[in-house]
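Below is one structure; the comments refer to it alone.
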Amino acid sequence: MTAEEIFAGESDNVEFKEEIPVKSERYMKTVVAFANGRGGKLIFGVENNTWKVTGFSKEEVFQKMDAITNAIFDSCEPKIIPSIGVQEVDGKSIIEVEIMSGMTRPYYITSQGLLDGTYVRVSGTTRHAERYQVQELILEGQNRYYDCEPCEGLAVTSEDIAILCSNMKAMALRNTLTDAEKAKVKDLTQNVLISWGVLIEKDGAVVPTNAYALLTGQAHEQPIIQCAVFKGTDRAYFVDRREFEGSIQDQMEAAFQYVQEKINRGMKIQGMYRQDVYELPLDSVRELIANSVAHRSYLESGNIQIALFDDRLEVTSPGMLLNGVSIAKMKEGYSKIRNRAIANAFSYMKIIEKWGSGIPRIIRECNEYGLPEPEFFDFDGDFRVNMYRKAAPNTNLEMMKEDSAQFGNPAQSGTARMPDQEIAIVGFVKSNGSCTTSQVAELLLVKDRRARVILGSLVKKNILKKSGNARNTMYLAGEQFPE
């Protein structure tokens, strides 16, 4: 095997060591980090960074292999059994130690103890695990979910449960478009909430879980969503910022509305009607924000941050990807639930899909919108998505040219080709029979003064005519109004 062949697999979960350290703890941190994560390889006999193969002599290589195996077995809890072998690279022997992703997390260095001796991999480096990460590893190793754990110090009554059920059903109905779909929204009951993990039965009583506390805004440290608009492409200058409190589902809706208000909006005429067109696909924006709320780590005390820059929308949520989940897998539709009860509740309320279809759909919608594919980052204990903005049009009416040829046809009206703003007004009058200055201002997203100028131009062309008095002026179809 050549050096090129063995290094072709170099990744964030491969680490090189020229020598075997005398103190095994110097590489044991990486061993437990691999076991706590997605697994990885330690390769001894190769210089880090340069990839220069130094290797070992055939006489010493097997002795060193035994020393590595014993050190790993003796130094870690729970026990880690490595897969270890020898590779010949450019005529030299190197030792390859493969650590598989463990099933009984967390793994830690015995001499340092659980809290101090637990390590994780972050962006290709080994780091000491934060307290919340240790807690998350413990729950994962026991196949438990933080949001399904009892919420200490919080009690619940039958009336409280009924209010939550009613509020969740109301949101599900608001998020459902058709009457047929609304008819399928079932009533919630206490037993349904228990089956999801929003409530649990303990010692003969019904007890609220962390999910219940988050869904009702009663968590001991209820997280918030921080939103901001920045000037430029970095965080140097604030333009506007807001913080949203309350239940996590209400925070999500409020944050989405905030972004919708702050991004650029245009319009086009579809037949006789005006249609708003936003620079970002709203369904995908909502999905991004909903995913950040549903899949964040609630053991981490940080807040979700939504930042709007000149070139992108940035959504950052606390907590790295779970073990076994990668960005490549996510793009293919793979998902792994971090918060089981919240995922069930959000699915019922029509906020998210539970089965991993969100990310592929976001990518597809951005592609259909003519936007770059969103970027995904798993870094420094957080997960971030960047959705890049479409350049703002010169006017809000630049997208109206589509479907407008039917208005102002010179062969039909005998007039010159009308500007897009006038086309929009003609379409509105055809649909509604008349228009006012304020209606035109809203339609064109201009001030009343500008609306009066455009209407005056149409009156001069006899396309429209005035009716009423100065205080209550209506504009009707004139003699040259297009058929």
- Going through region 323-340 in order, the residues found to be over 19 Å from residue 136 (Cβ atoms) and either small (Gly, Ala, Ser) or surrounded by 17 or more Cβ atoms within 10 Å (Cβ to Cβ) (or both) are 328, 333
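Right, residue 359: assigned to a loop (DSSP other than H, G, I, E, B), at pLDDT 90 or above and of a type in the set (Val, Ile, Thr) or not?
no
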- Query: Considering 409, 432, 386, 394, which residue is surrounded by fewer than 16 Cβ atoms within 10 Å (Cβ to Cβ) and modelled with pLDDT of 65 or more?
  - Reply: 432
- Item | Qualifying position, being among the basic types (Lys, Arg) and within 17 Å of residue 17 (Cβ to Cβ), among 79, 52, 58 | 52
- Message: For region 120-173: of the residues being part of a strand (DSSP E or B) and of a type in the set (S, T, N, Q), which is modelled with the highest pLDDT?
- Response: 126
- Message: Condition first: over 16 Å from residue 134 (Cα atoms), touching a residue at least 12 places away in the same chain (Cβ under 8 Å) and open to solvent by 40 Å² or more (accessible area, probe 1.4 Å). Now tell me which residues in region 21-32 satisfy that.
- Response: 25
- Note on the structure: Note on region 204-254: residues open to solvent by 40 Å² or more (accessible area, probe 1.4 Å) and assigned to a strand (DSSP E or B) are 205, 206, 226, 231, 237, 238, 239, 240, 241, 242, 243
- Limited to region 84-131, what total is found for residues that are in contact with an Asp or Glu (Cβ under 6 Å, 6 or more places away or on another chain) and free of Cβ contacts under 8 Å to residues at least 60 places away in the same chain? 2
- Message: Which residue is modelled with the lowest pLDDT, if the candidates are limited to region 320-346 and must be farther than 19 Å from residue 362 by Cβ and in contact with a strand residue (DSSP E or B) (Cβ under 7 Å, 6 or more places away or on another chain)?
- Response: 320
- Could you figure out which of (1) of a type in the set (Gly, Ala, Ser); (2) within 20 Å of residue 300 (Cα to Cα); (3) modelled with pLDDT under 95 isn't true of residue 232? (2)
- When region 355-373 is examined, which residues are found to be in contact with a Phe, Trp or Tyr (Cβ under 8 Å, 6 or more places away or on another chain) and free of Cβ contacts under 8 Å to residues at least 24 places away in the same chain? 372
- Flag for residue 343 being of a type in the set (Gly, Ala, Ser), out of contact with any Pro (no Cβ under 8 Å at 6 or more places or on another chain) and buried (at least 19 other Cβ atoms within 10 Å of the Cβ): yes
- Taking region 189-203, which residues are part of a loop (DSSP other than H, G, I, E, B) and open to solvent by less than 20 Å² (accessible area, probe 1.4 Å)? 197, 198
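Residue-by-condition table, conditions (1) assigned to a strand (DSSP E or B); (2) at pLDDT 90 or above; (3) in contact with a strand residue (DSSP E or B) (Cβ under 7 Å, 6 or more places away or on another chain):
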residue: 62; (1), (2), (3): no, yes, no
residue: 65; (1), (2), (3): no, yes, yes
residue: 74; (1), (2), (3): no, yes, no
residue: 80; (1), (2), (3): no, yes, yes
residue: 86; (1), (2), (3): yes, yes, yes
residue: 104; (1), (2), (3): no, yes, no
residue: 112; (1), (2), (3): no, yes, no
residue: 116; (1), (2), (3): no, yes, no
- Could you tell me whether any residue of region 33-50 is free of Cβ contacts under 8 Å to residues at least 24 places away in the same chain, charged (D, E, K, R) and farther than 18 Å from residue 102 by Cβ? no
- Message: Which numbered condition in (1) of a type outside the set (A, V, I, L, M, F, W, C); (2) at pLDDT below 95; (3) open to solvent by less than 30 Å² (accessible area, probe 1.4 Å) is the only one that residue 92 fails?
- Response: (3)
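Please work out if residue 318 is out of contact with any helix residue (DSSP H, G or I) (no Cβ under 6 Å at 6 or more places or on another chain), open to solvent by less than 10 Å² (accessible area, probe 1.4 Å) and not basic (Lys, Arg).
yes
The values are calculated or read from the model by the stated rules, or taken from the named source; none is laboratory data. None of these values were measured; they are calculated from a predicted model. Quick reminder, even Gly has a Cβ in these numbers, built from the backbone with ideal geometry, and neighbours come from all protein chains shown. Note: areas computed on protein heavy atoms with side chains; ligands, DNA, RNA excluded. Shrake-Rupley method; radii C 1.70, N 1.55, O 1.52, S 1.80 Å.
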